[in-house]
Amino acid sequence: MRNWRILLALLLALALAAAACAGDEDAGDPTAATDDAADDTDDADDADDAAEEDDDAALLEEDEQVGVEADSADLLGAGATFITPLMLEWIRDNEPGINVNYQSIGSGGGIEQFLSENVDFGSSEAFLDDEAMEEAREIRGCEPIHFVDAFGSVVVSYNDPDLDAALEAAGQDNLVLDAEAIAGVYNTDITTWDDPAIAELNPDVDLPGTNLIAVHRSDGSGTTNIFTQYLDDAAGNWDLGFGTEVDWAAGTIGGNGNEGVAAETQQQPGAVGYLSYAYAVENDIPVAAVVNEDGNPIEPTLASISAGPSEIIDDIPEDQRFAVLGVGGEGYPIVGAHWILAWECGYDDAVAQSMIDFFTWAVTEGDDLAEDLLYAPVTGAFEERVVDQINRINAAE
Amino acid sequence: MSATDTSTTKESLRGSGRARRADPIFRGLVLVAATSVLVVLAAMIIRTTLDAWPVFDAMGFWGFISGQQWSVGHSRSEVTGTYGAFPFIYGTLKISFFAILAAVPLAIGIALFINEIAPAWLKRPLASTVELLAMVPSVVYALVGIYFFRLYIWEPVGQFIASSPLGNLTFFGPPVLLSSYWSAANILAIMILPIITAICRESFAQVPRDEVNAAYAMGATRWEVMRKVIVPRSFSGIVGGTMLGLGRALGETIAIAFLIGASQRWAPQLFFGGDAMTSVIVNTFADAAPEAIWALLAIGVTLFLITTIVNVLARLIVYRVGQFSGDAAL
């Protein structure tokens, strides 16, 4: 009985000591933990041991942070899900051998984490607007840097066996849509395939009267940003604006992530969804050819999605904040850039060096990986400009 | 002699002086344990309400819960968007109501069958099967719902209802979507079934056997005994189980986020997609700017208020019924 009580008291003391240490560690003062533990001399030795271990762990962490010993550091990044498949390949194969922890939380989250300085780099398909740039300068006291690491495209996919049959009968590979028709579906103005606006674009096809359901992203998303930015630019009947989240019309439904929209589009007859190109290919969902600025209906392929960005490459401004709009020729029109966000100052040297090494490798050597996954890599003269931007990381003091 | 006896007994009961110190320590420990719940709860309420305050302030509490427009802003310091949580409140209440409507009769049926009708060899396996349902993680329900139930059961049943005369009512009218209030309510019904069943069984088992046997002795049939003795006697248990189920239904997140359609809009039909309070939080918080986080917290506060109101109402029902019938009177 008495032994049991003593044991309980010891356990309690141990727990209290451990709790005290944990609390101090949070406060970022590792020495306090030692003091506390030293005060508890009447406790069992275990308590002291535990405290010392905690203490060591805290010191070790601090070493890693200031990078005194290592000249390359692990990187922490967060942002777009759009780029995740490619980013994971880059991380796995990168030759500088840098450890990157990439959290795929969405573009909005990436910007948020970047501006709250929780991560080394952010990643997004939407660039910081002027207001956000101003805020960012105040936060860190220097310029945030944008640089493009790849271009991607958004495809309009659909699910309707009747339509597939009709297309096959007409000998047409893809349904043809233009910006107005896509906007119409998402406005719920167009409710069936045989709407005149769609019939006009597909004169040879006997379009079925299936009821359409527009599927959009329910989470904030860079894919949404590229898609709505295109509609905002190209469709006169689009009045919902653009952004990572817009106020979708009533009568549409949402899916969580590209996966969610893909699942919804594959299962719901009459569904029309927009997806990052790779997801449509992966899930083998039919996609529409989209009429571009020059009036050509273009099917998304690696060549056609690269055509758009290369058309405007010379007009990209110095700070690389731009949108890929008004694509003509042989270019697929719904394309967008993916940006990495970094700071011009305030990194530890090792972190800055690792970031420069990793991203320089990714944009110069990682092109094949990008193409495998159906992203258009940055190439040629633009690649040099991207590398210049990368080298600005931590360049300001 | 007797006096000495008493004192010895007392002595042995009270233990030594050293051991008596354990008493206040133990009391202190238990007190800490008990208050920690209150402290945690209070901290959560105060913190979320404070964080959500700018949104309530900008929209007005009534404006927030009745507004139909949810457009998030991207500011880090002030409220610039429009935050009306009606579509989410409506969706949560709608699917929870239908889930309860489906699950309670089913749970009572299962509980009666297991307790009163099933042969002994079937009781245990059946009871543990129902309890097994409670152990399935909700994300698994979500996936099974997406790839199986809604395709082969809910949607066809929905189509059947929508094409029957009932479909002339807007509420049951077409179109029937895969992601809908209907799908969400159905998955909720399955998820809350185990808890309601367990509590119903518990309270049915506590009906005094004498009363049941007396009813049989007076010539009541099984059906009459169940309907007139067991179920009325367990009313407060059924209400309690229902409320626990409702609590889970109101708070369920992942399965709902996957199945409700997450459109941030509301629709009058049952078979159309909408949104719910938990689902909008889980869908949008990762991407939210600070002001949108406040708005999501405001939804959290509202959800807490709703659960509190539901619980108070449940207590009132149980109390009223107890007053009328009296626990022993039945």
In debye to the nearest 20, how big a dipole does the stretch B:175-320 give about its Cα centre with +1 on each Lys and Arg Cβ and -1 on each Asp and Glu Cβ? 580
Summarise the partner chain shielding of A:105-115 as one whole number: the mean count of Cβ atoms from other chains within 10 Å of each residue's Cβ. 4
Dipole of the protein assembly as shown, positive end: most advanced residue of B:Leu188, A:Leu302, B:Phe56 [Cβ charges, Cα centre]: B:Leu188
Once the principal axes of the Cα atoms of the stretch A:112-158 are found, what is the range along each, listed largest first in whole angstroms? 46, 21, 18
Can you find, among B:Ile256, B:Cys200, B:Trp154, the residue farthest towards the positive end of the dipole of chain B? Put +1 on the C-beta of Lys and Arg, -1 on that of Asp and Glu. B:Cys200
Report the GluC sites (Glu not before Pro) located in the stretch A:285-369 that are in a DSSP loop and have at most 14 other Cβ atoms inside 10 Å of their Cβ, or state none. A:Glu318
Virtual spin-label span in nm between A:Asp368 and A:Asp164, 7 Å along Cα→Cβ: 3.4
For the pair A:Ile313 and B:Ala43, what calculated FRET efficiency results from E = 1/(1 + (r/R0)^6), where r is the Cβ-Cβ distance and R0 = 60 Å, to the nearest 0.05? 0.65
The stretch A:143-224, Rg to Rh (Cα coordinates; Rh as Kirkwood inverse mean 1/r): 1.10
Over all directions, average the projected area of the Cα convex hull of chain B and note it in nm². 27.4
Could you tell me what percent of the accessible area of chain B is made up of carbon and sulfur, with a 1.4 Å probe and every protein chain present? 69
Shielding by other protein chains, B:140-152, mean Cβ within 10 Å: 1
In square angstrom to the nearest 100, the accessible surface buried at the B/A interface, both sides summed with a 1.4 Å probe, amounts to 2600
Paired Rg and Dmax values of the protein assembly as shown, which use every Cα atom, in angstrom: 31.6, 116
Inter-part distance where the stretch A:347-387 and the stretch A:245-298 are each reduced to a Cα centre, Å: 29
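For chain B, report the accessible area per residue in Å² (1.4 Å probe, heavy atoms, rounded to an integer).
53
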Positive-pole candidate from B:Leu270, B:Leu126, B:Ala42, dipole of chain B, charges at beta carbon: B:Leu126
Would you mind computing the Rg to Rh ratio of the stretch B:13-151 from its alpha-carbon coordinates, Kirkwood style for Rh? 1.18
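The values are calculated or read from the model by the stated rules, or taken from the named source; none is laboratory data. Bear in mind that the values here come from a model prediction, so they are computed numbers and not experimental data. Every residue, glycine among them, receives a Cβ derived from its backbone with ideal geometry; neighbour counts consider all protein chains shown. Keep in mind that these areas ignore ligands, DNA and RNA; they rest on the heavy atoms of the full protein, side chains included. Shrake-Rupley method; radii C 1.70, N 1.55, O 1.52, S 1.80 Å.
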